[in-house]
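What follows is a single structure, written as structure tokens, with notes after it.
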Amino acid sequence: MRRRLAIAAGVLVVAIAGAFVWHRWFRLGPLPAAGVFDRSDNGIWMRRHWIHGGAPDEERAALATSLEVRGIRRVYPFLGPMDPDGSPGWRDDGVIRHYEPERARAFFAEMHRLSPGLKIVPWTGGNLHQDVHLTDERQRAGFAAHMKAIVDPGADGVQLNVEPMPSGSEGYLDLLRAVKQEIGPDKILSIAAYPPETPLHPFTDVHWSLAFTGEVCAIGDEMAFMGYDTALRVPRMFENLVATWTADLARTLPPHCEWSMGVPAYEDDKPWHRPDVETIGVAIDGVRRGLVEAGTVPEKFRGIAIYASWTMDNEEWAVFDRRWRGVEPVTVAAPDREKRAPVP
């Protein structure tokens, strides 16, 4: 009898656990009408061409028009990783090529003239231990000074993207403090942030605890959570993971923290990213479900951030227009579509 009771209890535990997992990761929650969460304040990561390449005026004008009609007000053009002295630039055959300040100044000035509401926040940082050495005080001070040098000519702020970045890193917080002190209160310190840990993703080198996320947010001004590279093989699981991240963040982020959910639109076929699973449409539906599940949309929620401009095709832009913005696809040219060799 005791054995039968133990077996019955074991079956009950498995059934309860299975029901929890099904509800948590395969649930079919409500999907709200497209467009209800869009505030025309979305973001996008962009290639290095705009800062490093010196885009002609006609390309800048087309970019400004395309961004405006698509409700994108935050752009993250690639500035590149830091060198040992903390100076950012793009990597060319192992060498960091620094940007030209006058080209950057011309890009900022012309884009702000064309689109006064646009926020231009160059994207920089690098690979941990290869580019970024958190214990190197000289590099940290040099990098912070270079961040001031890029905002002084007209950038609205800077975005730090360090990969991987373990949760709880005091050195990372020190780097953020140094940059924020240099650029000042009127410039945006944006962070390419890691989504929360979950039972499916308990990896603290690429997922942050909600407590650490709050510490980062207390220093920075804006967070764009990278909601991709999950290694999942089932679209429904990816959608619900994004929903879980979105709901957890909506419930727990400090009220002052501006944030967006980063969604994937790239074709890399890697063990950590399946392009047929991690699609922009699946991610958008996950964000929508998550905001419903949270029961509230925080005032500082800005929208979604697309990774990346140079991989988005017309079909993916149509998905963005229909499923996030709730409009028919716009007919203007797509912003920043790749015309040259892939970069960065």
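The values are calculated or read from the model by the stated rules, or taken from the named source; none is laboratory data. Bear in mind that the values here come from a model prediction, so they are computed numbers and not experimental data. Reconstructed Cβ throughout: ideal geometry from the backbone, glycine too, with neighbour counts over all protein chains shown. For the accessible areas, the whole protein counts, side chains as well, though only heavy atoms, and no ligand, DNA or RNA atoms are used. Shrake-Rupley method; radii C 1.70, N 1.55, O 1.52, S 1.80 Å.
Just the number, please: percent antiparallel of the DSSP beta bridges in the range 127-282, rounded to the nearest 5. Percentage antiparallel, nearest 5: 10.
For the chain, the 222 nm mean residue ellipticity estimated from helices alone, with every DSSP H stretch of n ≥ 4 adding -39500 (n - 2.57) and the total spread over all residues, rounds to -12500 deg cm²/dmol. Under a 5 Å amide H cut-off, with hydrogens placed 1.01 Å from N, residue 125 pairs with 80, 82, 161 among residues at least 5 apart or on other chains. What is the helix-to-structure angle for 210-219, meaning the angle in degrees between its Cα long axis and the longest Cα principal axis of the chain, kept from 0 to 90 and rounded to the nearest 10? The angle comes out at about 20 degrees.
Which entry in (i) 18.9; (ii) 21.8; (iii) 28.9 is this structure's computed mean projected area of the Cα convex hull in nm²? Comparing each candidate, only (i) matches the computed number. The mean accessible area for residues of the chain, using a 1.4 Å probe and ignoring ligands and nucleic acids, is 44 Å² per residue.
Could you give the angle, 0 to 90 degrees to the nearest 10, between helix 2-26's Cα long axis and the longest principal axis of the Cα atoms of the chain? Approximately 30 degrees, to the nearest 10. Pop out the carbon and sulfur fraction of the accessible area of the chain as a percent, whole number, probe 1.4 Å. The computed percentage sits at 55. Rounded to the nearest 10 degrees, the angle from helix 235-252 to the longest Cα principal axis of the chain is 80 degrees. Applying a DSSP loop filter and a limit of 11 other Cβ atoms within 10 Å to the trypsin sites (Lys or Arg not before Pro) in the range 206-288 leaves 233. Of the beta bridges in the chain, as assigned by DSSP with both residues counted there, near 15 percent are antiparallel.
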